[in-house]
Each structure stands twice: as C-alpha cells, then as structure tokens.
Amino acid sequence: MPTTTSYLKLLPALVIGATVSFSAPAFSAGGGSSNTIKVPSCKKGSIWNKKKKKCVKIKKSSSLDDDNLFESARDLAYHGRYDEAIDVLKLAKNQNAPRILNYLGYSTRKLGDIEKGLTYYTAALKVDPNYTLVREYMGEAFLQLGQVDKAKEQLTEIEKRCGVGCREYSLLKAEIDKAVQ
C-alpha cells in the first residue's frame, strides 16, 4: 500500500480539474442533522480551508488545524474518496482524537479492510466510550462480518448512552433488522 509520503509526492500531478460545489446531506457520515448544506469540494490533492475560504493543496507542513482537516476528511469520506480522507486524517496533529480515529476506521472499512477499521473504532472508544457514532459504525462493521450478536451489543451500548430515540440507535437498529431478515 502506498505511503502518505508517496501520495504527497504525487500531489502536483494529481491536482487537476476545477473546484466544484455540491449539496450533501449534513447527516451523512456523522454530520448529525437532516438539513442539506452546501459543502465546498476541491479537486483531488486539495482540501477546503475554511479560514482562507478556498481550496488549498494538501501538504505535510500544512497550516490547517485538526478541525479543518477533520471536516475535510469527513466530506471526502462521505463522497467515497476514502484514500484521500485517510491521507488528510493522517496529517492531523492529534492522531488519538476519537473523531480522527473514527473516520480512519470508517474510511478503512469502506475500502474493505473491516478488521483494521475495527481497530480504529476500538481505539476511539478507549478514549471516549460514549462516542455513539463510533459504536454505530462499529456495529455496521460487525454486520459486514456476519457478527450480528456483536452488532446488537453496540446497539445496547448506544441505547444506554442516548436512548432508543437517538439517530445512531435508529440507524444501527435498521441495519440489524435488515441483516436478520
């Protein structure tokens, strides 16, 4: 698997195309709302810098803070650009932040490495056991592995933390129901 450094060396060649905007559900991939928002999207090799209000090239010595990197990576992951999301997340200064670990897990799982995704989710929960979005994604990973009982355990943990009315509970419950039919 290519390293982040090798991706970064390729960035000048990858910076092709124009910046586009699109609407994306804010609730997708953990946004937490059902409203639709305008999300700036940048060409491959660049991410949105909310402070500068423009796309900037991804680089190791980036002045982007972890908040900006996280938001950009989450948007990339939601739009199926998982490799790029991982590259951006690896630039974060705090690699042990639960949200960084969560989206490393999410992107890795979506690329097909479910077991590695689970290791990121587990690490996130060690830092914040109440992070219900991690538990929801972890439940989905267990379902992908055919481990319905473990997915149900995560559903129970979500219920303990936010009840049956919270978004993460509803999403995982629906996935479990589909899996057991």
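Nothing in this text is a laboratory measurement; each read-out follows from the coordinates by a stated rule. Remember, it's a predicted structure, so these values are computed and weren't measured experimentally.
When the listed pairs Lys150/Lys178; Lys110/Lys152; Lys90/Lys178 are checked against a 24 Å cut-off, the alpha-carbon distance exceeds it for Lys90/Lys178. Per-residue 3J(HN,Hα) values for the stretch 144-159, derived from phi via the Karplus relation 6.51 cos²θ - 1.76 cosθ + 1.60 with θ = phi - 60°, read 4, 8, x, 9, 4, 4, 5, 5, 5, 4, 5, 4, 4, 5, 5, 4 Hz in sequence order (x marks Gly and Pro).
Along the stretch 90-107, what does the Karplus equation 6.51 cos²θ - 1.76 cosθ + 1.60 (θ = phi - 60°) give for ³J(HN,Hα), rounded to whole Hz, x for Gly and Pro? Once θ is set to phi - 60°, the couplings for the stretch 90-107 become 6, 7, 4, 5, 9, 6, 9, 5, x, 5, 5, 4, 4, 6, 5, x, 4, 5 Hz.
In sequence order, the stretch 161-169 has phi-based couplings of 8, 9, x, 7, x, 7, 4, 4, 4 Hz under the Karplus curve 6.51 cos²θ - 1.76 cosθ + 1.60, θ = phi - 60°, and Gly or Pro positions carry x.
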